[in-house]
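Engineer: Shown below is the structure under consideration.
The values are calculated or read from the model by the stated rules, or taken from the named source; none is laboratory data. Worth saying up front: this structure is predicted, and the values here are computed from it rather than measured. Positions of Cβ are generated from backbone atoms using ideal geometry, with glycine treated the same way; all protein chains shown enter the neighbour counts.
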Amino acid sequence: MFARAIGDESPAYVGADGSPPDAVIAPPTFAWASAQFDPNYHLRPRPDQPWFGSARGPGGRTGEAPKSGALHAEQHFEHLRPIRAGDRLTVETREGATWEKPSKRGGVLTFTERLTDYVDQAGELVCRARMVVVTQQAS
């Protein structure tokens with residue numbers, strides 16, 4: 001379903017007739033979809049609350065988007081092996097490095113890494129993700 005949603009129905013992602021389920025691998029960015037299962041994920045839709053991305057109105061928004069003041073600047077995935085159909089992954093996220101740079105338009109840009117490890121049911125690291133978020137402090 002994920003492969004269909006991103007428009008890539010490669011046989012590696014959807015399997016072939018008669019292929020065993022563990023022969024199907026997930027597209028490279030599939031690990032990121034696990035955020036939707038985190039009850040604290042700020043973009044997760046919640047029952048009985050308007051979701052800002054539902055596209056029900058002419059502007060594509062029914063509620064107010066969360067205002068974090070942050071920009072998701074980079075996303076990297078390092079796969080140690082493919083994620084396969086049937087894998088049960090445990091996710092651990094931690095803060096990485098933080099650094100600052102002066103902004104060309106004034107103020108200071110703060111870059112913050114978030115590192116996420118995806119571990120399979122055997123305790124093996126399968127994928128590591130690195131996200132960089134940028135915020136600006138006024139001068």
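Engineer: Please go through region 117-133 and pick out each residue that is at pLDDT 95 or above and among the β-branched types (Val, Ile, Thr).
Structural biologist: Hits for region 117-133 are Val119, Val126, Val132.
Engineer: For the subset of region 64-81 comprising residues that are charged (D, E, K, R) and at pLDDT 80 or above, which member is surrounded by the fewest Cβ atoms within 10 Å (Cβ to Cβ)?
Structural biologist: Only one residue tops the list, namely Glu78.
Engineer: Would you check which residues across region 13-49 are part of a helix (DSSP H, G or I) and within 26 Å of Met131 (Cα to Cα) and list them? Walk me through it before giving the result.
Structural biologist: From region 13-49, those part of a helix (DSSP H, G or I) are 13-14, 21-23, 30-37; that's our starting set.
Result: Tyr13, Phe30, Ala31, Trp32, Ala33, Ser34, Ala35, Gln36, Phe37.
Engineer: Let me ask something else. Of all the residues that make up region 94-139, how many are in a strand (DSSP E or B) and acidic (Asp, Glu)?
Structural biologist: 4
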